[in-house]
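The values are calculated or read from the model by the stated rules, or taken from the named source; none is laboratory data. Everything numeric here is computed off the predicted structure, so don't read it as measured data. Using ideal geometry, Cβ is built from the backbone for each residue, glycine included, and neighbour counts are taken over all protein chains shown.
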Amino acid sequence: MYPFLRLAKVYWQARKQSSLKISDKTTTYFSCRPWDLDIFNELNNGRVLTLYDLGRTALGIRCGLMKVLANKRWALVVAGSSVRYRKRIHMFNKITMHTQCVGFDDKWLYVEQSMWVKGQPCSSVLIRAGVTSKQGIVSPSEVLEAMGESNLFGELPLWVNEWVDSEQHRPWPPLDGDIEVEPQAEKA
């Protein structure tokens, strides 16, 4: 089930905090609860992505993006992600999450997020996000203009560009399972 109480808490806390620019880093805090665990007694990978959603929500509120989305009747969409898991998060661990938009191209915003426990990095994600309207994708430059922000970003970091490039080589639509397999050599 979606963590609606956590979402309400994120909204409430973010609205009380000072405003920031979309390029600023925001920090959100969570605790790993029993209902967040998988069968191995650690934070479920699906819940990790849901908590990252909440971190982006906090950034969106604090930088004014959520207000613009509501006024323009736009929405956010995740169009891709690359997650790295490195340390397990266990029940009752206190999680510190950092969220920062690191740049954009002609179509997408790129958001980097990470989870930390006791000062140690546990996971990170790079999100390709878009703003949509009834007409389709809204360019990030139009979104920034609607927010009253100028382009606060330089070039995308090299590692982001390399990920974007690697995604261009991934087949779409995905293969449907009718993959031709080379015949096995007969055993002698």
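Annotations
- Residue count for the stretch 1-30 under the criterion of being surrounded by fewer than 16 Cβ atoms within 10 Å (Cβ to Cβ), under 14 Å from residue 51 (Cβ atoms) and of a type in the set (Ser, Thr, Tyr): the result is 3.
- Any chance residue 149 is surrounded by fewer than 13 Cβ atoms within 10 Å (Cβ to Cβ), acidic (Asp, Glu) and modelled with pLDDT under 95: no
- Inclusion of residue 34 among residues that are of a type outside the set (Gly, Ala, Ser), within 18 Å of residue 92 (Cα to Cα) and modelled with pLDDT under 95 is not warranted.
- Sole exception among (1) crowded, with 17+ Cβ neighbours inside 10 Å; (2) of a type in the set (S, T, N, Q); (3) touching a His at 6+ places or on another chain (Cβ under 7 Å) for residue 41, by number: (1)
- Flag if residue 68 is closer than 28 Å to residue 43 by Cα, crowded, with 18+ Cβ neighbours inside 10 Å and among the hydrophobic types (A, V, I, L, M, F, W, C): no
- Within the stretch 43-71, residues that are more than 15 Å from residue 10 (Cα to Cα) sit with their Cβ atoms under 6 Å from residues that are surrounded by fewer than 17 Cβ atoms within 10 Å (Cβ to Cβ), at 6+ positions apart or across chains, in these pairs: 44/38; 68/147.
- Single residue of the stretch 80-101 satisfying the filter (touching an Asp or Glu at 6+ places or on another chain (Cβ under 7 Å) and under 28 Å from residue 162 (Cβ atoms)) that is surrounded by the most Cβ atoms within 10 Å (Cβ to Cβ): 89
- Answer residue from the stretch 151-176, given it is part of a helix (DSSP H, G or I) and not polar (S, T, N, Q) and is farthest from residue 81 (Cα to Cα) among those: 158
- Of all residues making up the stretch 108-142, the number that are part of a loop (DSSP other than H, G, I, E, B) and within 16 Å of the chain's Cα centre (by Cα): 1
- Qualifying residue in the stretch 86-96 (condition: within 15 Å of residue 25 (Cβ to Cβ) and either of a type outside the set (Phe, Trp, Tyr) or at pLDDT below 95 (or both)): yes
- Against the test of being among the small types (Gly, Ala, Ser) and farther than 18 Å from residue 73 by Cα, the options 103, 136, 148 yield a single qualifying residue, 103.
- Residue check, residue 61 modelled with pLDDT of 95 or more, part of a strand (DSSP E or B), touching a helix residue (DSSP H, G or I) at 6+ places or on another chain (Cβ under 9 Å) and surrounded by 14 or more Cβ atoms within 10 Å (Cβ to Cβ): no
- Across the stretch 4-51, the number of residues qualifying as basic (Lys, Arg) and outside any loop (DSSP other than H, G, I, E, B) comes to 5.
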